[in-house]
Structures are given as structure tokens and as C-alpha cells.
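A.B. asks: Structure incoming, see below.
The values are calculated or read from the model by the stated rules, or taken from the named source; none is laboratory data. Just so we're clear, the structure is a prediction, and the values are computed from it rather than from any experiment. Neighbour counts run over all protein chains shown; Cβ positions are idealised from the backbone, glycine included. These area figures cover heavy atoms from the full protein model, side chains too; ligands, DNA and RNA do not enter into them. Shrake-Rupley method; radii C 1.70, N 1.55, O 1.52, S 1.80 Å.
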Amino acid sequence: MKKYLFLIFAFLFFVGGFAKNIVKDKFSDITVTMKDGQVKSGKIKHPYDLNKKIVLILDSGEKVNVEITLVDEVTVNYENTVKISFKNVYYYNHSGKKLNKEPKFMLVMLKDDALTLYYDNGVSYTNMMSSGLLVSTNYNNYYAIRPREDGAKLISGYVNGQANPNVLFRMYAPKYFQDYPELSKKIDDKVYKYSDIISVITDYLNWKKSKK
């Protein structure tokens, strides 16, 4: 698990992409698992955006458009170096009260029987500088889902350059982990901060295992 997380963070640092990859003129092996259990394999050309279109390139060279709504999970072997998985996730809005009608591909950061952590990022807003140059600001959101929950919920999020990136973490994480009061209190008491998200999940999973 530690090796997997290291590779994931390395991928995000060096490539800066996830379900949407902006690297050009490269190919990666891809495996697409459909909701009916069918598995399709081939290559995908960069740049790609899984949330808009999935074009599978077969060994014969034939290009096959895959219907996104029928896909459950996608695994990309990025340049045959880093194997990363994206789940087509149903998720709640920021209030945690309304389930979005359409799922979205999110990076699987950590998967356990008790909880799965997803990462989602993209453009939050675009500003025009005085020079006329358009500058985009990206958001970085973390969602969690447990067995029998119908959708993933936001537990942390921030935009690049945000003055206090702990705001959403302190707002949502204590509530989500309220079944483990000691963890919720640690977050409220600022023992954990937004960048400790993996440690928070590990703490929670260890607690769950101790209850069995």
C-alpha cells in the first residue's frame, strides 16, 4: 500500500493530471471494466479526459468509442510505469445532502474493505491577468465512501494558493468520521491538518479493524 501511494503521489507531482491527462502524443495501456463485468483492453492516446470520452485503440489499430455511462472502472498503465485506477463514482454535492445524478471518474487513492478514498481535481476558476493571459486555478478534492453508502462524500478540499487550505477539511471530515469520536476530536483540535489525509484514513481503518 505504501509503495502504491508513493507511485500515485509521484504521478500527480510529475504529470499533474488524473482522469484528465494533458501530456501529448503518448500512449498508455488501458483496461476498461464495464458495469456488467465485461473487460476491454487496448491503448489510450494522450491527451485524454475520461469524463468526456474514452477511445480504446485495439491491437489491430481499430478505434472503439466506449460508452462512459456503462463503465465501472478504468486502469491506466501510464507509459507502462505507473498503474493507476479510476472509479466511476456517484458522489454528493458539498452540502452532503444531494447525490449527483451523474457519476465522475476519480482516482482511487486508497482502497480497503472498510473505506475507499478518492481524489478528484480540475479547474476551479480562470482569471485573466492584466497582460491578457488566462490563468487557471485548480481544485483538489478528496472523497470517501464506506460499504452500503450510496455515494462518496467530500472530506477535504482546497484550491491551489488558498490562504487556509484546512477550511473544508475541518468542516467535513469531523462529521464524516463521527462514528470514531476520538478521530473527529483530533481533527477539531488541529492535531490533523488537510495534508494528513492519508494518516487520517489510516487512523480510521486501524480503529475499524480493532473493533472486529
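Rundown of residues vs (1) at pLDDT below 95; (2) open to solvent by 20 Å² or more (accessible area, probe 1.4 Å); (3) part of a helix (DSSP H, G or I), yes/no style:
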site	(1), (2), (3)
Ser136	yes, yes, no
Lys153	no, yes, no
Met171	no, yes, yes
Gln178	no, yes, no
Lys185	no, yes, yes
Ile198	yes, yes, yes
Ile201	no, no, yes
Asn206	no, yes, yes
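A.B. asks: Starting from residues that are out of contact with any strand residue (DSSP E or B) (no Cβ under 8 Å at 6 or more places or on another chain) and hydroxyl-bearing (Ser, Thr, Tyr), keep the ones in the stretch 62-88 and report whichever is farthest from Lys45 (Cα to Cα).
C.D. replies: Thr69
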